[in-house]
Amino acid sequence: MKNEEIYIENQPVLTKIFNKIINSGNNTQGYLLFGESSKEIRNYSLMLSKILICPNKYTSKCHKCNICKRIDNGNFPELKIIFPENGMVKKEKIINLRDTFNTKSIEGENGVYIINDVESLNSAAANAILKFLEEPDSNVVAVFNTTNLNAVIPTIASRCQIIKINNIRTSYGIGFVKELTNLEEEDIYNVVSFVKKIEFYKSQAFAELKKDFIKNFDSKEKLNSALLVMLLLYKDMLNYKVKNKSIYFEVNELKTLAQKNENDVISRKISFILENMEKIEYNVNVLLFMSNLLIGIGDITDGKSNRN
């Protein structure tokens, strides 16, 4: 008797890949789903986790066991889901995740961990996760997702089967940035203006830093929001370079900045900002912290070594 196949509307490639995994079994340690809708790729990541974990042949209406229902209810212990906090996945979360999977799964076929917005891993967190992907005999499978494939650390992407999701949403816009950062639009564009000065007029950037920036972003929470705006701006520069369109900001805010930087330079700046966002918690001197960040971004532009 032929196995029942699942069907995912408007996703022929995804349907084919998922059915192949169901009927032939898993043959990789990592999957990377990418598309333009964060909600959609997260939903498909959860569906893939069921396919990988369910001890039966998964179907869209699986009633042969209660594992899929427990996954939906968020209480199945062999599935771990990680979300970025303040735009970043910290190394500590990855270490805790790795410790959790020291023993093999008991109920399901595999243990699975999902990392949403995998581009938010900084280099330290990415190095911590590579151990899973380099153990061919492990029954722990990674499911990553991203809306910005070009910002994913190459050592992660190269170890995964990459699956493209048909695009549904084309833009988040400035409203999304306001929601994510809890900043007013005026503050957001003040940060954008500051980045422009960093890129083109370093002396003006230092002057503004000492005069206005530290007054507007004088707490760890506000400073983290400002860095999150910078992070999204550089990610959008990469979107413009690769896809000739933006997700968060208007193209006219990005074009000159994007043209000034090569793709690898933008990627390095994204990683550098992520690493420094993790350090905010341990820094109280806003002026010194931002001065080091400003110099570090300048070093990347000038081809020098990153500052630690």
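Listed here are the residues, each with its yes/no results for (1) closer than 22 Å to TYR172 by Cβ; (2) in contact with a Lys or Arg (Cβ under 6 Å, 6 or more places away or on another chain); (3) assigned by TED's automatic domain parsing to the domain that holds GLU186.
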site	(1), (2), (3)
LYS222	yes, no, yes
SER225	yes, no, yes
ILE247	yes, no, yes
ALA258	yes, yes, yes
ARG268	no, no, yes
ILE295	no, no, yes
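Within segment 199-240, being modelled with pLDDT of 90 or more and in contact with a Gly (Cβ under 7 Å, 6 or more places away or on another chain) holds for LEU228, LEU231.
Within the option set LYS222, LYS196, being surrounded by fewer than 19 Cβ atoms within 10 Å (Cβ to Cβ), farther than 25 Å from ASN43 by Cα and touching a residue at least 40 places away in the same chain (Cβ under 8 Å) holds for one residue only, LYS196.
Check segment 79-88 and report whether any residue there is crowded, with 18+ Cβ neighbours inside 10 Å, free of Cβ contacts under 8 Å to residues at least 60 places away in the same chain and either small (Gly, Ala, Ser) or part of a helix (DSSP H, G or I) (or both). The answer is no, given that none of the residues of segment 79-88 is crowded, with 18+ Cβ neighbours inside 10 Å, free of Cβ contacts under 8 Å to residues at least 60 places away in the same chain and either small (Gly, Ala, Ser) or part of a helix (DSSP H, G or I) (or both).
ILE8 fulfils the conditions (1) outside any loop (DSSP other than H, G, I, E, B); (2) touching a Leu at 6+ places or on another chain (Cβ under 9 Å) except for a single criterion, (1).
For segment 103-117, does any single residue satisfy the condition of being among the hydrophobic types (A, V, I, L, M, F, W, C), surrounded by fewer than 19 Cβ atoms within 10 Å (Cβ to Cβ) and closer than 17 Å to SER45 by Cβ? No, there is no match, as no residue in segment 103-117 is among the hydrophobic types (A, V, I, L, M, F, W, C), surrounded by fewer than 19 Cβ atoms within 10 Å (Cβ to Cβ) and closer than 17 Å to SER45 by Cβ.
Look at ASP299 and say whether it is within 24 Å of THR147 (Cα to Cα) and of a type outside the set (A, V, I, L, M, F, W, C). Considered against the rule, which asks whether it is within 24 Å of THR147 (Cα to Cα) and of a type outside the set (A, V, I, L, M, F, W, C), ASP299 comes out as no.
In the set (1) in a helix (DSSP H, G or I); (2) of a type outside the set (Ser, Thr, Tyr); (3) free of Cβ contacts under 8 Å to residues at least 24 places away in the same chain, the condition left unmet by ILE94 is number (3).
Out of all the residues in segment 131-140, is one or more modelled with pLDDT of 90 or more and not aliphatic (A, V, I, L, M)? Scanning segment 131-140, I find no residue that is modelled with pLDDT of 90 or more and not aliphatic (A, V, I, L, M), so the answer is no.
Somewhere in segment 51-62, is a residue farther than 14 Å from ASN110 by Cα, modelled with pLDDT of 85 or more, buried (at least 17 other Cβ atoms within 10 Å of the Cβ) and not aromatic (Phe, Trp, Tyr)? Taking every residue of segment 51-62 in turn, none turns out to be farther than 14 Å from ASN110 by Cα, modelled with pLDDT of 85 or more, buried (at least 17 other Cβ atoms within 10 Å of the Cβ) and not aromatic (Phe, Trp, Tyr).
The condition of being assigned to a helix (DSSP H, G or I), of a type outside the set (A, V, I, L, M, F, W, C) and more than 18 Å from LEU228 (Cβ to Cβ) does not hold for SER267.
The values are calculated or read from the model by the stated rules, or taken from the named source; none is laboratory data. This is a predicted model, so every value here is computed, not measured. When we count neighbours, we look across all protein chains shown, and the Cβ atoms used for this are built from the backbone with ideal geometry, even at glycine.
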